[in-house]
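Novice: What follows is a structure written as structure tokens; I'll ask about it next.
The values are calculated or read from the model by the stated rules, or taken from the named source; none is laboratory data. Just so it is clear, the structure is predicted and the values come from calculations on it, not from any experiment. Here the Cβ is made from the backbone with ideal geometry for all residues, glycine too, and neighbour counts use every protein chain on show.
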Amino acid sequence: MKFERVFTNTPWEKKVGYCRAVRAGQFVYVTGTAPVGADGTVVAPKDGYAQARRCFEIIDSVLRQLGASMGDVVRTRMFVTDISRWEEYGRAHREFLGETPPATSMVEVKSLIDPAMLIEIEVDAVLGGAER
């Protein structure tokens with residue numbers, strides 16, 4: 001089976017030894033994606049909705065690089081630092097995935113790698129899922 005990898009050159013990829021996404025055949029796995037801008041800083045430090053949107057923008061981009069789309073997403077996992085803000089995160093989730101809703105989890109965690117981050121999102125996709 002052929003493996004393809006996408007890197008986004010965040011400082012953590014090299015330090016920890018991972019890539020943003022891996023395609024293995026028809027399956028695509030997107031690692032925990034944080035709301036980081038092109039300059040490496042956290043986007044919208046106090047805005048859960050904007051941070052979730054940024055995560056999904058990054059995810060959408062890497063999926064496309066691997067020949068997939070948001071319509072192929074079958075599972076999302078959202079790790080949040082304040083579950084009481086679930087509607088903010090959910091709004092962005094719905095905007096990106098509402099047409100083809102995946103299975104999902106939203107779990108509150110103590111903290112993320114940068115204290116300004118409110119959310120980190122993982123995604124699994126199966127190519128051809130948009131045809132369902």
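Novice: Being touching a residue at least 40 places away in the same chain (Cβ under 8 Å) and in a strand (DSSP E or B): is that true of residue 122 here?
Specialist: yes
Novice: Which one is surrounded by the fewest Cβ atoms within 10 Å (Cβ to Cβ) among residues in region 1-17 that are touching a residue at least 60 places away in the same chain (Cβ under 8 Å) and assigned to a strand (DSSP E or B)?
Specialist: Per the criteria, the residue is 4.
Novice: Out of contact with any helix residue (DSSP H, G or I) (no Cβ under 8 Å at 6 or more places or on another chain), modelled with pLDDT of 95 or more and more than 30 Å from residue 2 (Cα to Cα): does that describe residue 112?
Specialist: Yes.
Listed here are the residues, each with its yes/no results for (1) assigned to a strand (DSSP E or B); (2) under 19 Å from residue 2 (Cβ atoms); (3) more than 14 Å from the chain's Cα centre (by Cα).
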{"residue": "19", "(1), (2), (3)": "no, yes, no"}
{"residue": "28", "(1), (2), (3)": "yes, yes, no"}
{"residue": "50", "(1), (2), (3)": "no, no, no"}
{"residue": "57", "(1), (2), (3)": "no, no, no"}
{"residue": "67", "(1), (2), (3)": "no, yes, yes"}
{"residue": "75", "(1), (2), (3)": "yes, no, no"}
{"residue": "85", "(1), (2), (3)": "no, no, yes"}
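Novice: Of a type in the set (Ser, Thr, Tyr), buried (at least 20 other Cβ atoms within 10 Å of the Cβ), in contact with a Lys or Arg (Cβ under 8 Å, 6 or more places away or on another chain) and within 18 Å of residue 126 (Cβ to Cβ): which single residue out of 100, 31, 76, 104 fits that description?
Specialist: Testing whether each residue is of a type in the set (Ser, Thr, Tyr), buried (at least 20 other Cβ atoms within 10 Å of the Cβ), in contact with a Lys or Arg (Cβ under 8 Å, 6 or more places away or on another chain) and within 18 Å of residue 126 (Cβ to Cβ) leaves just 31.
Novice: Let me ask another. Just name the residue that is surrounded by the most Cβ atoms within 10 Å (Cβ to Cβ) out of those in region 37-69 that are in contact with a strand residue (DSSP E or B) (Cβ under 8 Å, 6 or more places away or on another chain), closer than 18 Å to residue 115 by Cβ and without any contact (Cβ under 8 Å) to a residue 60 or more places away in the chain.
Specialist: Of everything passing the filter in region 37-69, 54 is surrounded by the most Cβ atoms within 10 Å (Cβ to Cβ).
Novice: Looking at the structure I just gave you, is residue 111 of a type outside the set (Asp, Glu), loosely packed, with under 14 Cβ neighbours inside 10 Å and outside any loop (DSSP other than H, G, I, E, B)?
Specialist: When the stated conditions are applied, residue 111 does not pass them.
Novice: Applying the selection to region 70-98, what residues are more than 23 Å from residue 113 (Cα to Cα) and either out of contact with any helix residue (DSSP H, G or I) (no Cβ under 6 Å at 6 or more places or on another chain) or among the hydrophobic types (A, V, I, L, M, F, W, C) (or both)?
Specialist: 70, 73, 74, 94, 95, 96, 97, 98
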